[in-house]
Amino acid sequence: MTVNQRWDSPGRENLLGEALEASREVWKDIQRALSDHNSDIPLEIRNNLLIVSVYAESKLEELAQSPGQEKLASLIELTRSLAMSLREWRSAA
């Protein structure tokens, strides 16, 4: 979100690179957690989240190759939506 807010600021490229790397690490961590067969997350939900994570990774790569504020905003919205859904799921569990 900081990169999006500072899109026209000097040093954006560095901020974007750092944000993309951090996001990649988060998605990799999510994938590792979802790949754990001992997880208490239902299989259907794990599979759906894995699909979302692969999609997010493709969007991260697209953003790295061709930066754009709209692409970044879309990725932020995806992440927010996923986080809200996971909170709701956890509360319901």
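Bear in mind these aren't lab numbers, they're just calculated from the coordinates by the rules spelled out. None of the values given here were measured: they were computed from a predicted structure. Positions of Cβ are generated from backbone atoms using ideal geometry, with glycine treated the same way; all protein chains shown enter the neighbour counts.
Taking packing as the residue-averaged number of other Cβ atoms within 10 angstrom, the listed peptides 14-21, 84-91 run from highest to lowest as 14-21, 84-91. If you fit an axis through the alpha-carbon atoms of helix 43-65 and take the longest principal axis of the Cα set of the chain, what angle between them do you get, 0 to 90°, nearest 10? It is inclined by approximately 10 degrees.
Compared with the direct C-alpha span, the chain from residue 83 to residue 24 gains 19.7 nm at full extension, assuming 0.36 nm per residue. Taking the longest Cα principal axis of the chain as reference, the axis of helix 12-35 is set at about 10 degrees. Entry note, the chain: the mean residue ellipticity at 222 nm calculated from DSSP H runs of n ≥ 4, each adding -39500 (n - 2.57), is -27500 deg cm²/dmol after division by the residues and rounding to the nearest 500.
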